[in-house]
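Quick notes on the structure that follows.
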Amino acid sequence: MPAPTLPSENPVVSVASPSGHAIEFDNVRIAFDEKVVLDGISFHLAHGETKAVFGVAGSGKSTMLKLAMGLMRPDSGRIFVLGEEVTRMSEQELFELRRRVGIVFQESALFDSLRVYENVGFRLTEEGTPADEIERRVREVLRFVELERTYNMFPSELSGGMRRRVAIARAIITEPEVILYDSPTGGLDPVTSNTIVELIMKQRDVYKTSALMVTHRLQDAFTMATHQFDKATNQMVALPKGQYCEVAMSFLILRDGKVIFDGDAHQLATSRDDYIREYIS
Amino acid sequence: MALELELISPIEVAKDLALAVQEYTLLSAQSVANFFRRPLYMGDMLQQADLIGVGSLPIVVLTGLSVGALLALNAASTLQRFGGITLIGQLVSIGMVTELGPLITGLMVAGRNASGMASELGSMIVTEQIDAMRALGTDPTKKLITPRIGATAFMLFFLTIIADLLGLIGGFAVAHLIFGLNSQQYWTSVWQILVFRDVFTGLIKPVLFGFIIATVGCYYGMSTRGGTQGVGRSTTQAVVAASVLILIVDFFVTKLIFAIFGYR
């Protein structure tokens, strides 16, 4: 199904960070009570790249996203987002940075007392954008996720897949430089999952948005690594086998709180590590 | 199967309590400081004022009337024995304005709204809506807690005045209909006995109680852990803690005002 377009299809211009990366984790460690969840992990996300993060349940994938957003503080280590060291920023300073970063939560986390348009336009309302401008942009972005008809509905009236798409609309309405997706296709049927993968792919290929995508679904990440969004036909197209490395897509696997793999699709497919081979088989 | 009991160290309990007090104090201080920082969510404050104030009106009207009437009824039997039935207005007036009006209104609103705030914010915590709000660049203490504190303190002040007035009317109904006291006798004694200190005491307390209700309700809501069961736990704890704190603060405020203005 071809994805509709957003009117302003200008790639997001990212400000270069001192490290030159959109996100950088440097020896980050966090433990809850006695359990060490992330044990000195280091990796980076390049500008315009989408990195799929895998790991078994409880391996700290969602924690990683919350750390990147500054919603949690690590016990040690440093985290840079768009050149800013989030681990040294106050909550007030983080509010400013978060305006440049979008996040899609695992269970969508839509405000259940607000209607869809209020949810999607929440950030614009907070910024004091005029009401007619908010309505125009909310309608645009809802059209982008093919949910314009839900404009006046409450989240409780939507299906799981629709809620996820509304959450994506809320995350992208301000055209953030980085988007964090927490299991965007988790628990959804294959058709809806495909629509969401296509939306994420479009963000990557058309708007050049950097993204960290936590997922359990290997097939979604492989689809993203083997396909590209075609602006002309407005849908994703499969790449010839030799061109897989041309898409800005990489993989990161966590195990026992450590990064055991960080590389592209080809490196993942040819890995000799028994755990990784079992994981991707 | 042997029954296993887990013993909790008193030091751990004390540490947890100290931590809770610290977190509550920080949350309250930050929420009050937000009144002096932009943006001030006036729309949310008005919405909360409607929910808390107008929503609590029926229960406050009912309890105000009942307490006033009961106070008059119970006092009358003793006063009648000493031939002092004309003093009934004074007794109801002092009782309602300085103590029972603020206290009963505070406890009623605590039962209704501290639980409501704890469950609403608790549900938002467990469904990650609070995290989503922070992620969208909005401070939840500014958007959710400060308006609730402002609205509760403001509305409790007026609810207490209404409860006081209805308590006096309830007292009058009993004094007039059952004990045959005439209207002028009752209302003159009601009015004459009150001094500045009584009115001051009766109006300062609801502001403090409103602050307690909102901060305790919001604190328990924001510290909710453990899914829907946790929301239920927070709701109960919020009502209990707010009620106990109101009673404690009531005692000390009354004592302080006596110390400042002297005894009657």
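The table below lists the values:
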item	result
Filter pass, A:PHE122 being of a type outside the set (Val, Ile, Thr), modelled with pLDDT of 90 or more, within 22 Å of A:THR50 (Cα to Cα) and crowded, with 18+ Cβ neighbours inside 10 Å	no
Candidate set: the stretch B:71-83, residues that are surrounded by fewer than 19 Cβ atoms within 10 Å (Cβ to Cβ) and touching a residue at least 24 places away in the same chain (Cβ under 8 Å); chosen: the one farthest from B:LEU103 (Cα to Cα)	B:GLN80
Candidates B:PHE154, B:PHE172, B:PHE196 - the one that is surrounded by fewer than 16 Cβ atoms within 10 Å (Cβ to Cβ) and not acidic (Asp, Glu)	B:PHE196
Test: residue in the stretch A:69-78 that is away from chain B (no Cβ under 14 Å), of a type in the set (S, T, N, Q) and surrounded by fewer than 16 Cβ atoms within 10 Å (Cβ to Cβ)	yes
Tabulated pairs, the stretch B:31-42, first away from chain A (no Cβ under 11 Å), second hydroxyl-bearing (Ser, Thr, Tyr) and in a helix (DSSP H, G or I), C-beta under 8 angstrom, 6+ apart or interchain	B:SER31/B:THR141; B:SER31/B:THR146; B:SER31/B:THR215; B:VAL32/B:THR146; B:ASN34/B:THR141; B:ASN34/B:THR146; B:PHE35/B:THR146; B:LEU40/B:THR146
Filtered residues of the stretch A:85-102 (kept if away from chain B (no Cβ under 14 Å) and either of a type in the set (S, T, N, Q) or touching a helix residue (DSSP H, G or I) at 6+ places or on another chain (Cβ under 6 Å) (or both))	A:THR87
Matching residues in the stretch B:133-157 - criterion: being of a type in the set (S, T, N, Q) and either under 18 Å from B:ARG37 (Cβ atoms) or facing chain A (nearest Cβ under 8 Å) (or both)	B:THR138, B:THR141, B:THR146
So B:THR236, is it part of a helix (DSSP H, G or I), of a type in the set (S, T, N, Q) and under 24 Å from B:VAL61 (Cβ atoms)	no
Residue in the stretch A:103-116 that is more than 12 Å from chain B (Cβ to nearest Cβ), touching a strand residue (DSSP E or B) at 6+ places or on another chain (Cβ under 6 Å), farther than 21 Å from A:ARG139 by Cα and not small (Gly, Ala, Ser) present	no
Test: residue in the stretch A:253-269 that is farther than 29 Å from A:ASN27 by Cβ and over 21 Å from the mean Cα position of the chain (by Cα)	no
Selection status of A:SER42, at pLDDT below 95 and part of a loop (DSSP other than H, G, I, E, B)	no
Yes/no for B:LEU165 being crowded, with 24+ Cβ neighbours inside 10 Å and not polar (S, T, N, Q)	no
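The values are calculated or read from the model by the stated rules, or taken from the named source; none is laboratory data. Being a predicted model, the structure only gives us computed values, none of them experimental. Heads up, the Cβs are rebuilt from the backbone with ideal geometry, glycines too, and the neighbour counts pull from every protein chain shown.
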